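Below is one structure, written out as structure tokens; the observations come after it.
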Amino acid sequence: MLRTRRLQHPSAARAGVHLAEIVAAVLLTLVGTALLPVSAGAQPTDATLTVIVNRDIDQNGSYSSDIDQPQPGIEISVTDASGHSVHGVTGRDGRFVHRASTKLAGGRYFVVAKVPHSLAGLTPVPESSTFQPWSTTVDLTSETQTVRMGVAVGRTPAEPLQPQPTSVSRGSDRPQFARFAVGDLVWMDDNRSGVQDPGELPASLISVQLLNVDGEVVASTVSQPSGRYVFDNLAAGTYSVRFAGVPKGKRLTTAGRGQRVSDSDPDFSGVTPPFTLGVGEPNVRPTTTTDQVSAAYIDPTIDAGITPLRYGVGDHVWLDLNSDGIQQPDEPAGSATVSLLTDAGDVVATTTTDAAGSYHFFNLASGSYRLQFAGLPADRAFTLRASGTDPALDSDPDPRTGRTNLFTLAQGAPDLVPAIDADASSTDFENRTLNAGLVSDTTINAGLTTTASNHVASGSNSAAVDAALASTAGVAPQLPSSAQRLRWPEQVFW
């Protein structure tokens with residue numbers, strides 16, 4: 001409580017102003033959630049960092065949401081890789097919030113908390129499965145992160161008494177006090193098998209985060225040039241690992257294939273199933289010198305494979321009975337031979353449509369492609385191109401050549417959707433909008449017949465063909481005599 005009676009002297013007015021300024025500054029500090037402004041100069045992938053400090057009321061070394069209280073006034077500093085820092089204190093809700101700012105370079109940060117002199121009665125709570133150490137690294141390139149730390153009043157550090165010298169170190173002679181490590185490898189799963197195969201390369205600079213049972217970040221690191229990562233000197237408990245920062249055009253490979261020591265563990269969200277570090281737990285063994293850790297036990301089976309995205313393309317060939325260039329629900333399937341070409345015109349693969357008129361190419365690398373439709377049944381030709389407004393219902397090949405325009409298969413390209421029919425190990429995204437409509441040599445337009453493949457037609461029929469071709473090519477039709485011939489590549493119309 002402020003006792004203003006102490007200010008009753010000739011300079012009371014001046015002291016009162018001074019005191020008001022002090023009180024205002026203190027209130028601003030205690031409210032002090034650090035809300036840094038978002039700037040166009042900050043990295044657009046930077047997420048929000050929230051540091052929460054709780055007072056460990058029951059002094060059990062673990063966070064309990066129904067018991068432990070927010071702790072304001074704890075000093076927080078956040079430093080980027082270039083050494084630039086921002087500073088603040090936790091507010092009344094025990095939180096310090098850092099948002100993207102030009103003051104920091106963005107990406108990975110080093111976070112340090114400190115008890116100020118005004119709160120000297122508090123001491124940090126040691127790291128546990130729910131409280132993170134008071135100096136740690138976080139990675140904000142993928143998503144928002146929350147770090148929770150603990151303090152206690154007059155707490156005596158919970159570390160066990162140092163044992164008398166023995167021939168066994170690191171707590172392995174006392175399992176209840178043992179420390180643990182977890183790791184192992186991030187690799188490039190080029191063949192998408194989900195298993196580490198000989199000759200596959202390591203994946204470096206992949207962000208790896210250790211999460212506690214509440215999903216909060218306990219520690220953060222990145223995979224080394226060797227693909228290795230490790231979290232060392234951990235308390236017993238239940239954890240999971242999150243892998244983030246996967247390069248564009250790649251994804252995490254399929255999880256849970258093969259043996260635990262050689263498979264990939266995270267799902268498509270990047271998070272592994274929970275696992276327990278403890279003596280006697282599955283996959284936990286005593287460490288050796290080759291593990292290069294200080295802990296007594298390690299789980300060396302938490303791996304992640306990175307694989308290139310693969311693409312597919314397809315859809316239907318149909319009989320355009322009303323010659324409008326748009327698929328109708330009651331129009332039947334057609335047939336054709338379909339070839340996938342590179343942008344240079346080289347054939348990648350060839351297939352034929354099935355009974356439903358469908359075709360599909362899958363397990364394709366990213367790139368630019370086009371399709372060649374050919375091998376049409378007798379008395380069939382291509383319908384009008386790009387009719388209507390729905391790309392999934394129109395016809396795509398040029399009526400004169402049977403080739404489509406170039407299209408792109410790559411992350412973020414138009415008309416790509418997640419693959420449904422294909423196996424997840426072979427196709428990730430596909431373009432199912434590339435169709436071909438076929439018209440018959442006998443049209444229903446005024447009872448006229450048009451010849452699509454070496455059939456004799458009347459002069460009026462030749463005029464109908466020419467008019468259709470001219471409208472497709474965007475030029476005015478010219479009516480030839482019945483003896484004239486209109487030549488398209490690979491087809492002759494009489």
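Please verify whether residue 467 is over 18 Å from residue 379 (Cα atoms), aliphatic (A, V, I, L, M) and at pLDDT below 90, treating the condition exactly as stated.
yes
Here 283, 322 are screened, and the one residue that is in a loop (DSSP other than H, G, I, E, B) and under 30 Å from residue 432 (Cβ atoms) is 322.
With respect to (1) touching a strand residue (DSSP E or B) at 6+ places or on another chain (Cβ under 9 Å); (2) at pLDDT 90 or above; (3) within 30 Å of residue 426 (Cα to Cα), the lone exception for residue 199 is condition (1). Residues of segment 337-344 include none that is touching a Leu at 6+ places or on another chain (Cβ under 7 Å), of a type in the set (Asp, Glu), touching a residue at least 24 places away in the same chain (Cβ under 8 Å) and closer than 15 Å to residue 393 by Cβ.
Take segment 364-383 and flag every residue that is within 32 Å of the chain's Cα centre (by Cα) and either buried (at least 17 other Cβ atoms within 10 Å of the Cβ) or in a loop (DSSP other than H, G, I, E, B) (or both). Walk me through how you get there before you give the answer.
So the first thing to find is which residues in segment 364-383 are within 32 Å of the chain's Cα centre (by Cα), and the list is 364-371.
Those that are within 32 Å of the chain's Cα centre (by Cα) and either buried (at least 17 other Cβ atoms within 10 Å of the Cβ) or in a loop (DSSP other than H, G, I, E, B) (or both): 364, 365, 366, 369, 370, 371.
Could you please give the count of residues in segment 277-304 that are polar (S, T, N, Q) and in contact (Cβ under 8 Å) with a residue 40 or more places away in the chain?
To start, the set of residues in segment 277-304 that are polar (S, T, N, Q) comprises 283, 287-290, 292, 294, 301.
If we keep only those that are in contact (Cβ under 8 Å) with a residue 40 or more places away in the chain too, we end up with 287, 292, 294, 301.
Selection size over segment 277-304: 4.
For segment 287-298, check the following and say yes or no: at least one residue is closer than 18 Å to residue 374 by Cα and surrounded by fewer than 18 Cβ atoms within 10 Å (Cβ to Cβ). No, segment 287-298 contains no residue that is closer than 18 Å to residue 374 by Cα and surrounded by fewer than 18 Cβ atoms within 10 Å (Cβ to Cβ).
Filtered by the rule that a residue be among the charged types (D, E, K, R) and either closer than 21 Å to residue 218 by Cα or within 31 Å of the chain's Cα centre (by Cα) (or both), segment 265-295 gives 265, 267, 281, 291.
Each row is one residue, and each column tells you yes or no for (1) surrounded by 15 or more Cβ atoms within 10 Å (Cβ to Cβ); (2) in the same structural domain as residue 429 (by TED's automatic domain parsing); (3) touching a strand residue (DSSP E or B) at 6+ places or on another chain (Cβ under 6 Å).
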position: 328; (1), (2), (3): no, yes, no
position: 334; (1), (2), (3): yes, yes, yes
position: 385; (1), (2), (3): yes, yes, no
position: 395; (1), (2), (3): yes, yes, yes
position: 404; (1), (2), (3): yes, yes, yes
position: 408; (1), (2), (3): yes, yes, yes
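The values are calculated or read from the model by the stated rules, or taken from the named source; none is laboratory data. Bear in mind the structure is a predicted one, so any value in this text is a computation, not a measurement. Heads up, the Cβs are rebuilt from the backbone with ideal geometry, glycines too, and the neighbour counts pull from every protein chain shown.
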